[in-house]
Amino acid sequence: MNNYYQDLGVGRDASAEDIKRAYRRMARKLHPDVNADAEAESQFKKVSQAYDVLSDVEKRRAYDAGSDPYGGEAGGFGQGFSFSDVMDAFFGQAAGGAARGPRSRRRRGQDALIRVDIDLAQAVFGAEREVTVDTAVVCGTCHGEGSQPGTGTRTCDVCRGRGEIQQVQRSFLGQVMTSRPCVACQGYGAVIASPCFECSGEGRVRTRRSLTLRVPAGVDTGTRIQLPGEGEVGSGAGPAGDLYVEVVVTPHETFQRRGDDLHCSVELPMTAAALGTTIKLETFDGTTDLDIKPGTQPGDVMTLKGKGVTHLRGTGRGDVLVHASIQTPTKLSVEQEDLLRRFAVLRGEERPEGRLTPASQGLFGKLRDAFLGK
């Protein structure tokens with residue numbers, strides 16, 4: 001009697017996984033497609049026969065009890081050993097990547113993606129929006145069955161409900177059995193005799209529906225919100241995919257967003273910048289007092305803490321950064337000009353000398369440093 005354990009190089013206590021792994025390793029070396037040696041072909045037949053016996057629970061039990069299904073003769077794959085068994089050994093499943101037997105008509109639906117525009121205020125505090133989605137839903141006529149009400153399905157006459165057709169071919173390895181999906185039922189094992197007129201047998205139809213979307217505070221352009229199970233319903237009333245909503249924040253006329261901070265500019269008269277003052281500034285939290293320190297220079301930045309965008313992940317909010325823009329008067333009355341001239345004399349600036357400074361110390365440097373957070 002053949003020693004199948006020895007042929008595969010495993011012990012008698014080897015698990016099913018050990019046997020499969022051993023066969024896979026040896027078949028890769030001995031298969032005629034990769035090894036043209038005549039001895040290799042003979043060895044491949046032996047290990048294939050050994051795998052046929054030891055991978056089958058009943059055959060292995062009979063062999064361990066002293067019975068050899070092949071009567072001690074080395075031959076082809078033997079009765080009941082199919083090409084699909086070889087594919088099982090290599091890939092852990094039947095050829096073609098699917099489990100054997102009829103496949104289900106139910107399939108998971110695809111994910112869907114839509115875009116929604118929101119304004120900056122909604123990004124700061126969050127909001128609820130009504131969105132319209134065009135997706136597939138379960139057919140209301142057949143309720144996902146795919147057939148006309150009261151008709152159902154019938155067993156396929158070709159494959160007799162197995163969903164696959166087996167063919168036996170002779171080769172130098174012996175008889176090889178191959179399986180392929182049944183063309184009559186597409187592998188389902190059953191045939192819809194009277195497809196639903198509404199969905200044409202798909203079990204789903206396309207429709208437009210509305211959803212309430214909760215936009216969390218702190219979102220920005222490019223943020224995607226996932227709504228599980230709100231995407232396309234699968235064929236055969238399979239589970240729905242997910243809906244992804246991509247957020248687009250529209251530009252604001254006053255504020256520019258940098259991360260969770262908001263930037264804006266305020267125009268100040270020359271006298272207010274020199275003497276200091278308090279002005280009213282409209283923010284998303286309402287009217288806020290902004291203190292202007294005496295001697296404020298063009299490009300100086302004043303900060304309103306905690307008036308910016310809510311942090312999407314975490315607590316708290318960013319800031320509002322106000323950039324000073326100083327207005328120099330262009331038209332002066334005689335009295336105003338006389339006062340400024342006297343002021344210049346008092347300051348010793350009636351004939352000032354220009355002095356060059358590094359760009360980082362001037363207006364452009366201050367603006368750059370403010371935007372970069374320096």
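The values are calculated or read from the model by the stated rules, or taken from the named source; none is laboratory data. Bear in mind that the values here come from a model prediction, so they are computed numbers and not experimental data. Using ideal geometry, Cβ is built from the backbone for each residue, glycine included, and neighbour counts are taken over all protein chains shown.
Of note:
- Inspection of segment 296-306 finds a residue satisfying the criterion of being polar (S, T, N, Q), in a loop (DSSP other than H, G, I, E, B) and loosely packed, with under 14 Cβ neighbours inside 10 Å.
- Screening the candidates GLY161, GLY140 for the property of being on the phi > 0 side of the Ramachandran plot and touching a residue at least 24 places away in the same chain (Cβ under 8 Å) yields one hit, GLY161.
- Meets criteria (under 16 Å from ASP261 (Cβ atoms), at pLDDT below 90 and of a type in the set (A, V, I, L, M, F, W, C)) for PHE343: no
- Segment 263-274, residues that are free of Cβ contacts under 8 Å to residues at least 40 places away in the same chain and out of contact with any Gly (no Cβ under 9 Å at 6 or more places or on another chain): THR271, ALA272
- Identity of the residue in segment 138-160, hydrophobic (A, V, I, L, M, F, W, C) and out of contact with any Asp or Glu (no Cβ under 9 Å at 6 or more places or on another chain), that ends up farthest from ALA190 (Cα to Cα): VAL138
- Meets criteria (surrounded by 16 or more Cβ atoms within 10 Å (Cβ to Cβ), in a strand (DSSP E or B) and in contact with a His (Cβ under 8 Å, 6 or more places away or on another chain)) for LEU262: no
- Single unsatisfied condition, PRO251 versus (1) assigned to a loop (DSSP other than H, G, I, E, B); (2) crowded, with 20+ Cβ neighbours inside 10 Å: (2)
- Flag if ARG208 is part of a strand (DSSP E or B), closer than 20 Å to GLY126 by Cβ and basic (Lys, Arg): no
- Which listed residue is buried (at least 16 other Cβ atoms within 10 Å of the Cβ), part of a loop (DSSP other than H, G, I, E, B) and at pLDDT below 90, from GLY218, GLY201, GLY241: GLY201
- Segment 33-100 holds helices (runs of 4 or more DSSP H) entirely within its bounds, and those carrying 1 or more residues that are at pLDDT below 50 map to 83-91.
- Summed over segment 1-15, residues that are in a helix (DSSP H, G or I) and free of Cβ contacts under 8 Å to residues at least 40 places away in the same chain total 1.
- Condition check for TYR188 on (1) aromatic (Phe, Trp, Tyr); (2) not assigned by TED's automatic domain parsing to the domain that holds ASP119; (3) not in a loop (DSSP other than H, G, I, E, B): one failure, at (3).
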